[in-house]
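The values are calculated or read from the model by the stated rules, or taken from the named source; none is laboratory data. If you're wondering where the values come from, they're calculated on a predicted model, not measured in any experiment. Neighbour counts run over all protein chains shown; Cβ positions are idealised from the backbone, glycine included.
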Amino acid sequence: MRSRTLFILLTVFFLVSPVKNSNAGDWGTGALMVIIERETSSVLVLDSAQNDKVLGRIEGLGLLHHATISFSRDGRYGYVISRDSLLSKIDLIKLKLVAQIKVGESAVGLAVTQDGKYIAVSNYKPGNITIVSNETFKIVKTIDADKSKTVGLVDAPDDKLVLSLMDANEIWIIDTSTEDFPVVKKLKNVGVKPYDALITPDGRYYMAGFFHSPWIGMVDLWNLDKGIRKIPLPVPDDKKGQPPVLKIPHLEGWIMAGGNLYAPVIGGSGLAVIDPATWRTKKFIPLLSYPVFAMARPDMRQIWANFVMGENNDAVQVVDVKTQKVVKTLRPGKKIFHMNFSPKGKKVYFSSYGDDKVAIYDTKTFKLLKEIPVKKPSGIFCTDRAHKFGL
C-alpha cells in the first residue's frame, strides 16, 4: 500500500512539473525510446542504454492522435507527423524542435527515403503524397492521388516509395532517385479499400490489408510484372462475410518467425500460424481478445500481443515461437496502447494510456524493471527504426 501511494504521489508531481532536459550531448542516439504524449503535443525521450534515464521532453508537435515517428539515417533527428499534418523535425541531442512545416490537413503516416534526403507524408486530406527536403525542410513535390486517401506508405530499396490508395483500390510505386519523383508503377484493382500495409524486413514484399476483401495483397518488388498475389485471410467461421470487428489489427502484427508467418486474425481472438510456402493456415493460437499489435522480440523467439479494446485492455500475452503456446500473461497497466523493444530485445516498453505511465519489463524473466510517469502515452518508437525498411 505504501509503495502504491508513493507511486501515485510521484505521478502527480511529474504530471504537474516540467521535465528539465539533461545537458545536451552526453548520450548517443542509437538506443533512445521516443514516446508520444498523445494529449499534450509532446514527446518524451528516454535512453534505454542509460537505465532508461528521462532525457527530456519536446513540445509543440501538433495533434498527436495516430502520430508516428521515423528517424534520420544517423539517428540524430526524429520526424514526427501529426494527425493534422504538421511535420516536425526534432533534434535528439539538443532535445528541441528545429523545423516544422504544414503538409496537408489530415495525415496518417510518413517514410524517410533510403538515401535519407526526403521525408514523404501520406495524407487522407487532401489525397496526396507530400515530399519534403530533409535539408531545407520545404515541400519539393506533391503527388496527387486522384482524390483518394493514401495509406500504407513505406520506403523500399532502390530509392522507392510504395503506398496504397484507399479509395482507388490501387498500389503505387514512386521513384525518389530523380527530382521528378515519377510514379513508375500503378497496380489497379488490388482489393477493396486498403487500410494499412507493411514491407518485409528485406524490402522485397509489400503486403496490403483491405477493409472489404478477405485477403492480403502481396506485391513482389523484384517481379512487378506478376502484379498482386492474393493471400486468403484466416477468418473465424462465425465471422465470415462480416466486416472486421472492433479494431482491425495493424499490419505491423504480421510476423515471420521460426519458418512460419504469424498473423492476428481479423475478428478473432488469436494468432493464425500460416505456412509461407502454401499460404495456408496451419494452426490457431487462442488469445484473450482481439490483438491490435502483435510484435516479435528482435530475436524472433517471442511474440507479444496487446488488446486495446474491451476488458483485457490492461493485458499483454507472450507466445513462445518454439512451442507456439502462450507462456506468460502480464498486466502492465490500463489501456496498453503500444509497445516496443530496446534494440536487441532485452527490455520491452508498454505505454499505459489509462495509468499515465510507461512500464518496462525484462523480456527473459518477465519482471517489472521500472515504471515512468508519462502524460497519456501512446506510440513508442526506438531510434533503431532508422535502419529498417518501412519504419
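Points to keep in mind about this one:
- Looking across the range 93-126, just one residue is assigned to a loop (DSSP other than H, G, I, E, B), among the small types (Gly, Ala, Ser) and closer than 17 Å to Leu64 by Cβ, and that is Gly104.
- No other residue among Gly78, Gly152, Gly109 is in contact with a Phe, Trp or Tyr (Cβ under 9 Å, 6 or more places away or on another chain), modelled with pLDDT under 95, closer than 29 Å to Gly30 by Cβ and surrounded by 17 or more Cβ atoms within 10 Å (Cβ to Cβ) apart from Gly152.
- All of (1) of a type outside the set (A, V, I, L, M, F, W, C); (2) at negative phi; (3) surrounded by fewer than 17 Cβ atoms within 10 Å (Cβ to Cβ) hold for Asn189 with one exception: (2).
- Considering residues of the range 127-149 that are in a loop (DSSP other than H, G, I, E, B) and crowded, with 17+ Cβ neighbours inside 10 Å only, the residue nearest to the chain's Cα centre (by Cα): Lys149
Yes/no matrix, rows are residues, columns are (1) farther than 16 Å from Ile69 by Cβ; (2) touching a residue at least 60 places away in the same chain (Cβ under 8 Å); (3) touching a Ser or Thr at 6+ places or on another chain (Cβ under 9 Å); (4) crowded, with 23+ Cβ neighbours inside 10 Å:
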| position | (1), (2), (3), (4) |
| --- | --- |
| Met339 | no, no, yes, no |
| Val374 | no, yes, yes, yes |
| Thr383 | no, yes, yes, yes |
| Ala386 | no, yes, yes, no |
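- Hey, Gly203 in contact with a strand residue (DSSP E or B) (Cβ under 6 Å, 6 or more places away or on another chain), surrounded by 15 or more Cβ atoms within 10 Å (Cβ to Cβ), outside any strand (DSSP E or B) and not basic (Lys, Arg) or not: yes
- Members of the range 51-73 found to be in a loop (DSSP other than H, G, I, E, B), out of contact with any Gly (no Cβ under 8 Å at 6 or more places or on another chain) and farther than 18 Å from Phe350 by Cα, listed by number: Gly60, Leu61, Gly62, Leu63
- Count of the range 283-332 residues, restricted to those that are touching a helix residue (DSSP H, G or I) at 6+ places or on another chain (Cβ under 8 Å), among the hydrophobic types (A, V, I, L, M, F, W, C) and either surrounded by fewer than 18 Cβ atoms within 10 Å (Cβ to Cβ) or more than 20 Å from Asp362 (Cα to Cα) (or both), is 1.
- Considering the range 206-238, the residues that are among the small types (Gly, Ala, Ser) and assigned to a strand (DSSP E or B) include one that is modelled with the lowest pLDDT, namely Gly209.
- On the stretch given as the range 36-50, residues that are in contact with a strand residue (DSSP E or B) (Cβ under 8 Å, 6 or more places away or on another chain) and over 11 Å from Val80 (Cα atoms) total 8.
- Residues (in a strand (DSSP E or B) and farther than 14 Å from Ala145 by Cβ) located in the range 157-186: Lys160, Asp175, Val184, Lys185
- You will find that of Val319, Val348, the residue that is free of Cβ contacts under 8 Å to residues at least 60 places away in the same chain, of a type in the set (A, V, I, L, M, F, W, C) and over 30 Å from Leu63 (Cβ atoms) is Val319 and no other.
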